[in-house]
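The values are calculated or read from the model by the stated rules, or taken from the named source; none is laboratory data. Given the structure is predicted, the values throughout are model-derived calculations rather than measurements. Here the Cβ positions follow ideal geometry from the backbone for every residue, glycine too, while neighbour counts run over all protein chains shown. Each accessible area value is taken on the protein alone, full model and side chains, heavy atoms only, with ligands, DNA and RNA left out. Shrake-Rupley method; radii C 1.70, N 1.55, O 1.52, S 1.80 Å.
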Amino acid sequence: MAGEEQGHRAHRPSKVKKKRDPNQANPKAFAFSGPGRLAKQAARSQDIREKRLHVPLVDRLPDEAPPLVVGVVGPPGVGKTTLIKSLVRRYTKQSISDPRGPITIVTSKRRRLTFMECPSDSLASAIDMAKVVDIVLLMIDGNFGFEMETMEFLSVLSSTGMPGNVFGILTHLDLFRKQDTLKAQKKRLKHRFWSELYQGAKLFYLSGVINGRYPDREVLNLSRFLSVMKNPRPLVWRNSHPYALADRMLDITPPTLIEQNPKCDRTVALYGYIRGTNFPSHDARVHVPGIGDLPVIQIEAQPDPCPTPYFQQVQEKVEGTKKRRRLDQKQKVIYAPMSDVGGVLVDKDAVYIDVKSNTFDVEDEDAERGLGEQMVVGLQGERRMLGQDERGISLFNRGERLKEVEDEEGNTGRKSRRQPAVIDQDNEEGDGEIDEGFESGDSDEEADPESLQKAPQRIGKTREDRQVDGDIAFADSDSDLGSLSSNSDQELEDGSDGDGEGSEDDEHDLRWKTSMLDRAELLHGRRQMYRVADLSRMMYDDMLSTAEVVRKWYGNDEEDAEQDRESEADDAPLVKRGRSDEQDEDRLVPTFDYEVLAAKWTDAENLEALRQRFASSGLTGANSEALGDAVEGSGGEDEEDEGDGAFEDLEAGEGKGDVEGDVEPEQESLEEERARNAKRKEELKFRFEEEDREGFLNPKNANRQASGADEEQEFGEDEWYDAQKARLQKQQDINRREFEQLDNPSRVRAEGFKAGTYARLTLSNVPQEFVEHFNPRFPLLIGGLQPTEERMGFVQVRIKRHRWHKKILKTNDPLVFSLGWRRFQSLPVYSISDSRTRNRMLKYTPEHMHCFGTFYGPLAAPNTGFCCVQSLSNKNPGFRIAATGVVLNVDEGTEIVKKLKLTGHPYKIFKNTAFIKDMFSTALEIAKFEGAGIRTVSGIRGQIKKALSKPEGNFRATFEDKVLMSDIVFLRAWYPVRPHRFYNPVTNLLESGEADSWGGMRLTGQVRAEQGIATPRVKNSAYRPVEREERHFNPLRVPRKLRADLPFKSQITQMKPQKRETYAQKRAVVVGGEEKVARRLMQQVMSLRKEKVEKRRAKQEERRQPYRAKVAENEAKRSEREKREKEEYWRREGRKKRGPAEGGEGGGKRRRT
């Protein structure tokens, strides 16, 4: 057995597995199971991350953002009004019968929505709505499908700026009887909607109408989605322009002007929320689509008619007032002045007031009344003269009401500014210290700043100095006199009673110290004159003239002087001593007792107190913050910093703390003061370095070299994007902090009215047709204009005909542009880049590709989208959006040329030179084209040399070869084309009648068709048959000498002409006798055969008639049987579906046993 003895090959030794270190992690536990799938997942994650990245934009939304504009768009009869009614009912619990104009509703704590229905019969209104809408509710008839108005609005949105929130709403779904059909229709419309917008666009379904509204559950789903959705990303155009959607219009033209001229221009006040950027406070110009450019003569901020609960809480917290609310008081959650909300409906001709109460009491003043009831009560009141009122007038909220004021004769009030009073010096008591004549007014505006800085101009008696019952009450010291403003503390006492003199003196000694701190803060806290902020505020005040501004700035306003003197006399704050006539003189330097002063200021304590005053005084700009703290009081962060230093009573030896009952604060030394100032400077320097990280002066900027070159900073995957957003946010925070330091008028002048403000804009020079034909159905848009947008020029755009528009566009045909806020008609010239050297004019727009367009109109920023229509009329059966595109650049000059071919004919030829005629008419034209290249039809190139003296218009030209007399010479030139300066704004809001009644420039053919005028026939424009005469060319003539020298292959072989006729030419074909008989016989045979075939075909048709009748009868019987069987079958199926309970047989599959 050889097989058994055969040995097997030894196996290879198995690999010894390495033992895993227990301290290390298992590598297989963290491996990828599917590398391919992981790569796809990583790529998808990166795509999703990149899609969310956008160019960082400045978030200009304030804390109280304006309401989001929700546009309800759709064709007629689709349910737009019903949807608005349902949403208003859902949010406000109020019913609205006729929603017109913007309707603002509070939907949550910090969100408001403004619903606006877009009229379906006005394409101009749809274009305006697309420019301001934030959320689009696209109404679609589910039973019919997409209509032309829906597609037109989507095209306008895509060209002007597509908002991020476009939702579709399918209605009329209750008309479907079968669920399978409804489901298929939903799927088909959803995918069609996705193809127009994006994959996954939200689509809502509204099944039917119940009691005039959509079902509550479906409206609830839609309203919740609108309430919690994110704020849409601002579009570039809206984020750089201020605009407003007017919800109220008021004609404020003086009636006298209307009586004089009923057609005069009106002054109109428009109300609305400001959106976009800040609205300029002065010298603003706006464009109202449908009217034109208008100046804004005044803009005022109004109270918010529909504030959010969050804004109300913040306002109450700032004001420190908590408004009491009863349970029967309702928060205002809707504002719709053009609709019938609140019982008032404002119409074009009248105001309708609806009092919705059966128990209406006019006499009940405490009853809660709506707006309509208040107007009824006011209209039904008694007739009174102007200014008469039984309730009287009250200057303050809780003050006494005055019903009658006695007119005092001679009391005309103050006529000039109150002057500082000077206290007379006692002659007998040589005290030496006098009052410096400081005077405090009731406010900073009434105070005279010069009296605080200058020495008293006159020391003498005033007209208020008088004796009281023969005795005079004297003050013991300068401080006893106090300030003139402390009139409540200093009262005149009757000095006739000698027993009370001692008590009165004691009372004076204590009384002057009670309000010492208030007087000191009032004296040292006055604003100095010549302040720039006050001057700028007065300069921009329209109520003051230039002279009044200068007089107020200098403090020399004399209008209130007389009133100040009278009030000074009434107050009588001090009792002043009499003086002798010798000392009643004007002087600038007061007299002092120098011995007393020397003894006083040799005291070390007095010197230290004086030094502390000057060390901590806030007289310079560097210590202006301390000065402000001193004015505000001791409630600041650093209570020890007094601004003017601690006020100290040097006579009594008490500080201000003793007056208040507190402990006396420690006096700061000079070193502590310097240390505190150094610390403040360090903080300011650190703050500057933090705000200027990229600056040259910042030593912390490690990215800046010594030479000033900025190194390229490396960012991570998402760090650059976050850094850009942080940079914009940081700059915005810095701007906000700077503006918050200004008062409200100065801030409004600097940055304007911020977005979210409910403002009143007063427009002048408004045509009276707007007021006469005003219709709240159409949106009224107020768009702010930049300074460059008010200029006119040539705008170059990249334009493309819309793929759904039927006709191509022709150059110089009128076209309505929607560019920016404006809608205007212009004449565009189309062109295309020819080898990047010139823009060649096109007569028509190309198919399926872009071209350039140039037209005359208002300038706009590059990359601004626009759309075009040929006509706004609703009678056009096709798609009305003609073209879309973007702005490339704006320029006053254009470089568009068109090809021009000039033709001529040679009339004299000299070898390579020829004289050409019929191309030019004058020698001047020839001189302009000297050196230009010309060509012949046969391809011979040439050049224009010089004009001939005679005849006029002919010139000499040279060619590269000899030309023929029959050649046509042409010159290929480029002729510059300039667009027409035509600009016609669309003023559809000034037209009466239908929405599409505006008609701009029309084509000549349209005018002839509407007027029934026949087209005139021009003889040169008529088509006529082209008759070309046959040209005879001369034979080639080769000279005999040249012919002999030609090679054999090129020899010209020519046969001599035959003089005699050949045999073939002379012979004639004549039929013989037999041939003639044969032809006749064949003709007879063919005639017999044709007759037999015709008889045979007729017999066969006759035999087929019975068979065809039988087949038709069988076909009729079969169709009738099939119809009967089908009816029987569906009858049985119907009984099976109804089941036994409804009288049917039941049905279903048999059960297996």
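Name the residue, out of 897, 890, 886, that is of a type in the set (Val, Ile, Thr), over 30 Å from residue 973 (Cβ atoms) and assigned to a strand (DSSP E or B). Let's see the steps before the verdict.
Numbers: 897 fails: over 30 Å from residue 973 (Cβ atoms); 890 fails: over 30 Å from residue 973 (Cβ atoms).
Residue meeting the stated conditions: 886.
Determine which member of the set 120, 125 is touching a helix residue (DSSP H, G or I) at 6+ places or on another chain (Cβ under 8 Å) and under 18 Å from residue 876 (Cα atoms).
That would be 120, the only listed residue that is touching a helix residue (DSSP H, G or I) at 6+ places or on another chain (Cβ under 8 Å) and under 18 Å from residue 876 (Cα atoms).
Within the stretch 227-271, can you find the residues that are part of a helix (DSSP H, G or I), out of contact with any helix residue (DSSP H, G or I) (no Cβ under 8 Å at 6 or more places or on another chain), under 30 Å from residue 78 (Cβ atoms) and of a type outside the set (Gly, Ala, Ser)? Talk me through it step by step, then tell me what you get.
Here is the first cut: in the stretch 227-271, the residues part of a helix (DSSP H, G or I) are 227-228, 238-240, 255-260.
Then drop every residue that is not out of contact with any helix residue (DSSP H, G or I) (no Cβ under 8 Å at 6 or more places or on another chain), which leaves 227-228, 239-240, 255-260.
With under 30 Å from residue 78 (Cβ atoms) added as a condition, the list becomes 227-228.
228, the sole residue that qualifies.
Just to be sure, is residue 285 out of contact with any His (no Cβ under 6 Å at 6 or more places or on another chain), outside the structural domain of residue 91 (by the TED database), at pLDDT below 90 and part of a strand (DSSP E or B)? Steps first, answer last, please.
Values: out of contact with any His (no Cβ under 6 Å at 6 or more places or on another chain): yes; outside the structural domain of residue 91 (by the TED database): yes; at pLDDT below 90: no; part of a strand (DSSP E or B): yes.
Criteria not met by residue 285.
Which residue is farthest from residue 1035 (Cα to Cα), if the candidates are limited to the stretch 1049-1102 and must be among the aliphatic types (A, V, I, L, M) and part of a loop (DSSP other than H, G, I, E, B)?
Of the residues in the stretch 1049-1102, the ones among the aliphatic types (A, V, I, L, M) are 1052, 1055, 1064, 1068-1071, 1077-1078, 1081-1082, 1085-1086, 1088, 1093, 1098.
Right, trim to part of a loop (DSSP other than H, G, I, E, B) and you get 1052, 1055, 1068-1071.
Working: 1052: 13, 1055: 14, 1068: 34, 1069: 36, 1070: 40, 1071: 43 Å.
Only one residue tops the list, namely 1071.
Would you confirm, using the coordinates I've provided, whether residue 1003 is open to solvent by less than 100 Å² (accessible area, probe 1.4 Å) and under 60 Å from the mean Cα position of the chain (by Cα)?
Numbers: open to solvent by less than 100 Å² (accessible area, probe 1.4 Å): yes; under 60 Å from the mean Cα position of the chain (by Cα): yes.
So residue 1003 fits the description; yes.
Just wondering, is there one or more residues in the stretch 751-762 that are open to solvent by less than 30 Å² (accessible area, probe 1.4 Å), in a loop (DSSP other than H, G, I, E, B) and aliphatic (A, V, I, L, M)?
Yes - at least one qualifying residue is present in the stretch 751-762.
For the stretch 236-286, what are the residues that are under 28 Å from residue 159 (Cβ atoms) and acidic (Asp, Glu)?
247
For the stretch 956-966, which residues satisfy the criterion of being crowded, with 20+ Cβ neighbours inside 10 Å and modelled with pLDDT under 95? It would help to see each step written out before you state the result.
Step one: of the stretch 956-966, the residues crowded, with 20+ Cβ neighbours inside 10 Å are 957, 959, 963.
Scanning the stretch 956-966 gives a single hit, 963.
With the condition kept exactly as written, say whether any residue in the stretch 181-188 is assigned by the TED database to the domain that holds residue 219 and part of a strand (DSSP E or B). Explain how you work it out, then say what you get.
Step one: list which residues in the stretch 181-188 are assigned by the TED database to the domain that holds residue 219, which gives 181-188.
Add one more test, that the residue is part of a strand (DSSP E or B), and what stays is none.
Scanning the stretch 181-188 turns up no residue that is assigned by the TED database to the domain that holds residue 219 and part of a strand (DSSP E or B).
Among the residues of the stretch 131-167 satisfying the criterion of being free of Cβ contacts under 8 Å to residues at least 60 places away in the same chain and either on the phi > 0 side of the Ramachandran plot or part of a helix (DSSP H, G or I) (or both), which is farthest from the chain's Cα centre (by Cα)? Full working, then the answer.
Here is the first cut: in the stretch 131-167, the residues free of Cβ contacts under 8 Å to residues at least 60 places away in the same chain are 143-146, 154, 157, 162, 166-167.
Then drop every residue that is not either on the phi > 0 side of the Ramachandran plot or part of a helix (DSSP H, G or I) (or both), which leaves 145, 154, 157.
Details: 145: 33, 154: 19, 157: 15 Å.
Ranking the candidates gives 145 first.
Mind counting the residues in the stretch 79-125 that are surrounded by fewer than 21 Cβ atoms within 10 Å (Cβ to Cβ), closer than 28 Å to residue 883 by Cα and at pLDDT 90 or above?
Here the count works out to 1.
Of everything in the stretch 802-841 that's in a loop (DSSP other than H, G, I, E, B) and open to solvent by 80 Å² or more (accessible area, probe 1.4 Å), which residue is nearest to residue 888 (Cα to Cα)?
Going residue by residue through the stretch 802-841, those that are in a loop (DSSP other than H, G, I, E, B) are 802-809, 811-814, 820-821, 827-828, 835-837.
Among the residues that remain, those that are also open to solvent by 80 Å² or more (accessible area, probe 1.4 Å) are: 803-804, 806-807, 835-837.
Numbers: 803: 22, 804: 24, 806: 26, 807: 25, 835: 19, 836: 16, 837: 17 Å.
Taking the candidates together, the pick is 836.
Does residue 170 satisfy being aliphatic (A, V, I, L, M) and either touching a Pro at 6+ places or on another chain (Cβ under 9 Å) or in a strand (DSSP E or B) (or both)?
Working: aliphatic (A, V, I, L, M): yes; either touching a Pro at 6+ places or on another chain (Cβ under 9 Å) or in a strand (DSSP E or B) (or both): yes.
Spelling it out, residue 170 is indeed aliphatic (A, V, I, L, M) and either touching a Pro at 6+ places or on another chain (Cβ under 9 Å) or in a strand (DSSP E or B) (or both).
Would you point out the residue of the stretch 163-202, among those that are crowded, with 16+ Cβ neighbours inside 10 Å and aromatic (Phe, Trp, Tyr), that is nearest to residue 71 (Cα to Cα)?
167
Confirm whether residue 919 is surrounded by 20 or more Cβ atoms within 10 Å (Cβ to Cβ), on the phi < 0 side of the Ramachandran plot and part of a loop (DSSP other than H, G, I, E, B).
On the way: surrounded by 20 or more Cβ atoms within 10 Å (Cβ to Cβ): yes; on the phi < 0 side of the Ramachandran plot: yes; part of a loop (DSSP other than H, G, I, E, B): yes.
Against the criterion (surrounded by 20 or more Cβ atoms within 10 Å (Cβ to Cβ), on the phi < 0 side of the Ramachandran plot and part of a loop (DSSP other than H, G, I, E, B)), residue 919 qualifies.
I'm told residue 206 meets every condition in (1) more than 23 Å from residue 877 (Cβ to Cβ); (2) open to solvent by 50 Å² or more (accessible area, probe 1.4 Å) except one. Can you identify the failing condition by its number?
(2)
Can you pull out the residues in the stretch 934-955 that are among the hydroxyl-bearing types (Ser, Thr, Tyr) and buried (at least 17 other Cβ atoms within 10 Å of the Cβ)? Walk me through how you get there before you give the answer.
Taking the stretch 934-955 first, the residues among the hydroxyl-bearing types (Ser, Thr, Tyr) are 936, 938, 949.
936 - this is the single residue of the stretch 934-955 that is among the hydroxyl-bearing types (Ser, Thr, Tyr) and buried (at least 17 other Cβ atoms within 10 Å of the Cβ).
When the stretch 39-62 is examined, which residues are found to be closer than 22 Å to residue 751 by Cα and aliphatic (A, V, I, L, M)? Explain how you work it out, then say what you get.
Start the filter on the stretch 39-62 by keeping residues that are closer than 22 Å to residue 751 by Cα, which leaves 57-62.
Passing the criteria: 57, 58, 61.
Which residue is nearest to the chain's Cα centre (by Cα), if the candidates are limited to the stretch 842-876 and must be under 17 Å from residue 889 (Cα atoms) and either open to solvent by 40 Å² or more (accessible area, probe 1.4 Å) or among the basic types (Lys, Arg) (or both)? Talk me through it step by step, then tell me what you get.
Going residue by residue through the stretch 842-876, those that are under 17 Å from residue 889 (Cα atoms) are 850-867.
Add one more test, that the residue is either open to solvent by 40 Å² or more (accessible area, probe 1.4 Å) or among the basic types (Lys, Arg) (or both), and what stays is 850, 852, 861-863.
Working: 850: 28, 852: 27, 861: 14, 862: 16, 863: 16 Å.
Per the stated criteria, the residue is 861.
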